[in-house]
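The next block holds one structure in the form of structure tokens; read it before the comments.
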């Protein structure tokens, strides 16, 4: 799977009325705690990869869920597009112990609250990230191999344009997008 994402700093109080005007469908709020790991065999900061365990709790739900995610390097400069593989796990703590046993070290934990909406085919997420502030992400996912020549490039162009159009409809400027992950932004703050 590939994820095409545009992320911008934005005041949520200014974006919410726009979401309402667009008839966005609310998709719920979740509190997430992402723990990123460093690999024993390569530097993820240099290879632009990420490995994380995400623990999350949905609003109004006492049950915590966990998933493990690998994110590949960015594919382009025009959006935050990368290959991503994620799967739910029964026990996030057991996966943490497995990674520790294999020599992976926890690097940074990123706590955030996310409120999701659906606009057209895009997921619009209002993120409040501890230590960083408020952001808006507009995201689309595809199973098309975006690295597979002209067909992939054409699909990527279409998805990026669709995400940029939603960003503009929210009253934001897609040219102000941030390519850096929350992990990278937090590490830069240190």
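Rule-based calculations on the coordinates, nothing more; no lab input. Keep in mind that what you see is a predicted model, and the values were worked out from it rather than measured. Please note: Cβ atoms are built from the backbone with ideal geometry, for glycine as well, and neighbour counts cover all protein chains shown.
How do 178, 53 rank when sorted from fewest to most other Cβ atoms within 10 Å of their own Cβ?
The fewest-first ordering by Cβ neighbours comes to 178, 53.
Report the label-to-label distance for residue 58 and residue 134 in nanometres (one decimal), using points 7 Å from each Cα along the Cα→Cβ vector.
That separation, rounded to one decimal, is 2.5 nm.
Rank the residues 109, 81, 115 as a footprinting-exposure proxy: fewest other Cβ atoms within 10 Å of their Cβ go first.
109, 115, 81
Could you list the residues of region 12-40 with an amide nitrogen less than 18 Å from a label point located 7 Å from the Cα of residue 70 in the Cα-to-C-beta direction?
35-40
Between residue 188 and residue 121, what is 0.36 nm times their sequence separation minus the Cα-Cα distance? Round to one decimal in nm.
20.9 nm
Take the Cβ-Cβ distance between residue 154 and residue 175 as r, set R0 to 25 Å, and report the resulting FRET efficiency rounded to the nearest 0.05.
With a Förster radius of 25 Å, E is 0.70.
Can you show me the helix-derived [θ] at 222 nm for the chain, built from DSSP H runs with n ≥ 4 at -39,500 (n - 2.57) apiece and divided by the number of residues, rounded to the nearest 500.
-8500 deg cm²/dmol
Give me the angle, in degrees from 0 to 90, between the Cα long axis of helix 92-101 and the longest principal axis of the Cα atoms of the chain, rounded to the nearest 10.
The two axes meet at around 50 degrees.
Taking 0.36 nm per residue of separation and subtracting the Cα-Cα distance, what length does fully extending residue 13 through residue 168 add?
54.2 nm
Ranked highest first by average number of other Cβ atoms within 10 Å, how do 38-50, 121-133 line up?
Packing proxy ranking, top to bottom: 121-133, 38-50.
Based on the Cβ-Cβ distance from residue 100 to residue 46, what FRET efficiency comes out when R0 is 22 Å, to the nearest 0.05?
That pair, residue 100 with residue 46, gives E of 0.50.
Compute the acute angle (0 to 90°) between the alpha-carbon long axis of helix 149-169 and the principal axis of greatest extent of the alpha-carbon atoms of the chain; round to the nearest 10°.
60 degrees
Would you mind calculating the gained length between residue 144 and residue 26 on full extension (0.36 nm times residue separation, minus the Cα-Cα distance), in nm to one decimal?
39.8 nm
Going by how many other Cβ atoms sit within 10 Å of their own, how do 5, 189 line up, fewest first?
By the 10 Å Cβ count, ascending, the order reads 189, 5.
Order 26-33, 59-66 from most to least packed using the mean count of other Cβ atoms within 10 Å.
The peptides rank, most packed first, as 26-33, 59-66.
Give the relative contact order (percent, whole number) for the chain; include only Cα pairs under 8 Å separated by 6+ residues.
31 percent
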